[in-house]
């Protein structure tokens, strides 16, 4: 998000298969861990400073790129 802001991106859509993360950033869930709450607050502030940021939850089987990156990292 920071790089997108620095580059002057008009619209940014991010996808994650981690429902907890997307729920916390989108305000659907609370972060109980204080350190995670700090990260959530930073990400939320960046997201809401740009009205054109969307964070979507997708299932792992619909997120081929992330699945491939995970497999590559584990080899």
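A short reminder: the numbers here are calculations on the coordinates, not readings from a lab. As the structure is a computational prediction, the values presented were derived from the model and not from experiment. Neighbour counts are summed over all protein chains in view; Cβ atoms, including those assigned to glycine, are modelled from backbone coordinates with ideal geometry.
Taking a ≥ b ≥ c as the square roots of the Cα gyration tensor eigenvalues, with a/c under 1.5 meaning rounded and otherwise prolate when a/b beats b/c, else oblate, which class fits the chain? Cα axes put the chain in the oblate bin. Ordered by the number of other Cβ atoms lying within 10 Å of each residue's own Cβ, fewest first, 22, 9 fall into the sequence 9, 22.
Among 48, 53, sorting on how many other beta-carbon atoms sit within 10 Å of each Cβ, with the fewest leading, yields 48, 53. If the chain linking residue 45 and residue 14 were pulled fully straight, counting 0.36 nm for each residue of separation and taking away their Cα-Cα distance, it would gain 9.6 nm.
Using helices alone, I'd like the mean residue ellipticity at 222 nm for the chain: each DSSP H run of four-plus residues gives -39500 (n - 2.57), total over residue count, nearest 500.
That comes out to -14500 deg cm²/dmol.
Ordering 67, 61 by the number of other Cβ atoms within 10 Å of each residue's own Cβ, fewest first, gives 61, 67.
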